[in-house]
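Written below as structure tokens is the structure these notes are about.
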Amino acid sequence: MTLDRLLNVFHHLVTHPVIFRNALRVLREEGPKAFASRTFSLIHGKKPYRYVEPAHGDDVRRRIDTFADRPVFSVIMPVYNVDPLYLAAAVDSVTAQWYPRWELCICDDASTAPETLEYLRSLRDPRIKITFSETNRNIAGATNEALALAEGDYVVLLDNDDTLTPDALFEIACAVNETGADFIYSDEDFITETGKAVHAHFKPDFSPDLLLSHNYITHLCAMKRSLVDRTGRFDSRFDGAQDYDYFLRATERAERIHHIPKVLYHWRMHAGSTSADADAKPEASNRAKAALENALKRRNIRGEVLEGNLPHYFRVKRRIEGEPLVSIVIPFRDKPELLETCIGSILEKSTYRRFEIIGMNNRSSEPETFETMARLGERDARVTFHDYDRPFNYSAINNHAVEQYAGGKHILLLNNDIEIISPDWIEALLEHSQRPEVGCVGAKLYYEDGTIQHAGAIIGLGGYVAHSHRGLPGTSHGYFNRLNVIQNLSAVTGACLMVERELYLSVGGLDETHFQIAYNDIDFCLRIREKGLLNVFTPYCEAYHYESKSRGSDDEDPEKAARFEKEKAWLKQRHPVVASLRDPYYNPNLTLDSEDFALR
């Protein structure tokens, strides 16, 4: 064990609140041995990904025997000039399935490689159906030809150089029996040309906004035949992104979408494969953008599709309907320099002009504070201040402001220790807050040193809840570029949160009884989720958050610490998802010990 390693562990414990609190929790609840084990893991860095093939036992056969629904799976595989080694591996991965009720439907798309054709003609398994196309139809056309052979209850997609895990169809059959879902997808990993698994993509449960940012579903996907019939054929206009177009159409029509948080698909990386190099097929990214544009038209979404920061990633930028008034509520107590910076940055940088700023003064006493208030009020008529002469209660202050003073259609809760970075920050929030299916919208916030402070909140981190990717460099892509895409999350911080005023009032606002200081935003977001609405994180609203500078940390004195623990306990009691530590937008294969999406 080197000194550098020890210093690195100490740095993690001191600078990352989730790691520090979780380490103390492990020490208290699980004992010194578990604490030492976790610390050892930190010393030796992140655990590398390793795929372990599951064991087939009697319990699998017994489980299959108890299935009320024993669907037949039609595995669809278009083939074109693929190396027979890869093709044989793909076919063998189907014939090796634990679950026996399947058929493999292959369309050879007029291959010119003799070895590919020779291998296909050598196949003798009666469960394998093959059609040989006389003309090259490209991938969508070949997939449609293979689909025409299918007679099963569910359609499963398999590329001709990838492989299924042996339990893939079994796990999907389990999901069918447990959920009745008509659209099912799983996690996947990436394998080298020799078949070695090198890393995995552990996905969230269905996130419609993430799917509009990129095709995170990819593999493995299974769709009920009735859903396929409603969705129609694969569209050759989007060849190279035909699966993305199909998933967008199918999820619009699906009655129930289910995610299996387990690797069931091996995506092979080799020269020319997008799994190895996103730039390998640039036309695929262009066609993915076209598929998204088509989806917007189909869904009557007024907006445009912009290129993202990486190939195959996009921003759906929605048009703002009308020019609704936005009420920005900012509670504060003294700290005039923060107030000046916060409101000054709004006035100087905002490109959206129809807003009002409601400053809520909570027992300020410094003369400089009142001078700052007067100066800001004189500077812009949209800035007003009101006194809240009661003990500090963050929830109550905001509720009072919304009920008594806010005239806007949308409420923007904002901490006084925020400094705006992006000029179109209000538009970036408002484009989602205006959507009838959306509740809360949150921003991408940075610490003063440029590292990530907030990119959404994840239930379960540190034993309760913490921020996504906290502490990572602001230039980081995050886990599968999650720091740079619009997506759905369970909650976002109230330090910068927009919500429709009518919705805010309909749920009773922030809970000023049980969450006077902490977790009021998390509780609020989860109550919004209970109404069936989506919460959205957008990286296109950016600001600095000089966290806790205005009132100090909750760890500063015993009284604050006790209140913090009480509110945390109430959050777990009220919301079962917090007690279960299972956030639908965070994969259970990822760690709960830190915010960096490391393996669990």
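The values are calculated or read from the model by the stated rules, or taken from the named source; none is laboratory data. Please read all numbers here as calculations on a predicted model, not as lab measurements. Note that each Cβ is placed from the backbone with ideal geometry, even for glycine, and that neighbours are counted across all protein chains shown.
Observations on the model:
- Strands (runs of 3 or more DSSP E) contained entirely in segment 183-248, each with at least 2 residues that are at pLDDT 95 or above and either charged (D, E, K, R) or not assigned by TED's automatic domain parsing to the domain that holds residue 104 (or both): 183-191
- Residue 176 vs. criteria among the aliphatic types (A, V, I, L, M), touching a Ser or Thr at 6+ places or on another chain (Cβ under 9 Å) and not in a loop (DSSP other than H, G, I, E, B): no
- Flag if residue 246 is among the aromatic types (Phe, Trp, Tyr), surrounded by fewer than 23 Cβ atoms within 10 Å (Cβ to Cβ) and within 26 Å of residue 93 (Cβ to Cβ): no
- Counted residues, segment 479-495 - those being closer than 19 Å to residue 527 by Cβ and either at pLDDT below 95 or not in a loop (DSSP other than H, G, I, E, B) (or both): 2
- Positions within segment 85-95 being of a type outside the set (Gly, Ala, Ser) and buried (at least 17 other Cβ atoms within 10 Å of the Cβ), in sequence order: 86, 87, 91, 94
- Helices (runs of 4 or more DSSP H) wholly inside segment 363-475 containing at least 2 residues that are closer than 30 Å to residue 577 by Cα and aromatic (Phe, Trp, Tyr): none
Quick grid of which residues meet (1) crowded, with 21+ Cβ neighbours inside 10 Å; (2) more than 30 Å from residue 356 (Cβ to Cβ):
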{"site": "413", "(1), (2)": "yes, no"}
{"site": "453", "(1), (2)": "yes, no"}
{"site": "456", "(1), (2)": "yes, no"}
{"site": "463", "(1), (2)": "no, yes"}
{"site": "470", "(1), (2)": "yes, yes"}
{"site": "481", "(1), (2)": "no, yes"}
{"site": "487", "(1), (2)": "yes, no"}
{"site": "497", "(1), (2)": "yes, no"}
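- Counting only helices (runs of 4 or more DSSP H) that sit wholly inside segment 498-600, those with at least 3 residues that are free of Cβ contacts under 8 Å to residues at least 40 places away in the same chain and hydrophobic (A, V, I, L, M, F, W, C) are 558-574.
- Positions within segment 257-297 being at pLDDT 90 or above, part of a helix (DSSP H, G or I) and over 21 Å from residue 485 (Cβ atoms), in sequence order: 297
- Residues in segment 102-125 that are hydroxyl-bearing (Ser, Thr, Tyr) and not in a loop (DSSP other than H, G, I, E, B): 116, 119, 122.
- Which listed residue is surrounded by fewer than 21 Cβ atoms within 10 Å (Cβ to Cβ), under 30 Å from the mean Cα position of the chain (by Cα) and not aliphatic (A, V, I, L, M), from 321, 340, 356: 321
- Here segment 61-78 is the region considered, the condition is being over 25 Å from residue 148 (Cβ atoms) and aliphatic (A, V, I, L, M), and the residue that is surrounded by the most Cβ atoms within 10 Å (Cβ to Cβ) is 64.
- Search result, residues across segment 89-99 that are within 15 Å of residue 129 (Cα to Cα) and over 32 Å from the mean Cα position of the chain (by Cα): 91, 92, 95
- Contacts under 6 angstrom Cβ, first residue in segment 59-70 being under 11 Å from residue 170 (Cα atoms) and touching a residue at least 24 places away in the same chain (Cβ under 8 Å), partner of a type in the set (Lys, Arg) and surrounded by 10 or more Cβ atoms within 10 Å (Cβ to Cβ), 6 or more apart: 70/101
- Between 175, 197, 181, the distinction of being touching a strand residue (DSSP E or B) at 6+ places or on another chain (Cβ under 8 Å), surrounded by 21 or more Cβ atoms within 10 Å (Cβ to Cβ) and not β-branched (Val, Ile, Thr) belongs to 181 only.
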